[in-house]
Amino acid sequence: MTTARIVVLFALAAVAEIGGAWLIWQAVRENRGWWLALLGIIALGAYGFVAALQPDAHFGRVLAAYGGVFVAGSLAWGIVVDGFRPTVWDYVGSAVALVGAGIIVLAPASATAPE
């Protein structure tokens, strides 16, 4: 259950952060209205709250692991929402980032540093 919770929270965090940044991009770069920037700010704030719900108590570890999810999620968002066509190097880099995130999140409890 904990692994499923981690995955769901990372997915929700990605939608909130990437979606929020995309909304601000639309307002600033695409001149689609400042109300989109406001929605983006709200979404980015929601990202912070969702990230804080992760079961791991270490901010640095959670955000480092989320970095891999952010890389892959950003490419996926670009594909689905903006019609971005990634190169093979985009896919490879994304896979490497996700493997790194998995190593951080799924490390055995006995492997954590002493406090």
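Taken together, the residues in segment 22-46 that are farther than 24 Å from G83 by Cα and either buried (at least 16 other Cβ atoms within 10 Å of the Cβ) or not hydrophobic (A, V, I, L, M, F, W, C) (or both) amount to 2. Among the residues of segment 89-115, write down those that are in a helix (DSSP H, G or I) and of a type outside the set (A, V, I, L, M). Listed by number, the residues that qualify are W89, D90, Y91, G93, S94, G100, G102, S110. When segment 5-55 is limited to residues that are among the charged types (D, E, K, R) and touching a helix residue (DSSP H, G or I) at 6+ places or on another chain (Cβ under 7 Å), the one that is nearest to A72 (Cα to Cα) turns out to be E17. Taking helices (runs of 4 or more DSSP H) as the structural unit, those lying wholly within segment 1-88 and holding at least 3 residues that are polar (S, T, N, Q) correspond to 2-28. Of all residues in segment 50-90, those that are within 18 Å of G20 (Cβ to Cβ), surrounded by fewer than 18 Cβ atoms within 10 Å (Cβ to Cβ) and β-branched (V, I, T) total 2. Only one entry in A107, A111, A57, A97 is small (G, A, S), within 17 Å of the chain's Cα centre (by Cα) and either modelled with pLDDT under 95 or under 18 Å from A13 (Cα atoms) (or both), namely A97.
The values are calculated or read from the model by the stated rules, or taken from the named source; none is laboratory data. Everything quoted here is computed from the prediction, not taken from an experiment. We place every Cβ from the backbone using ideal geometry, glycine too, and count neighbours over all the protein chains shown.
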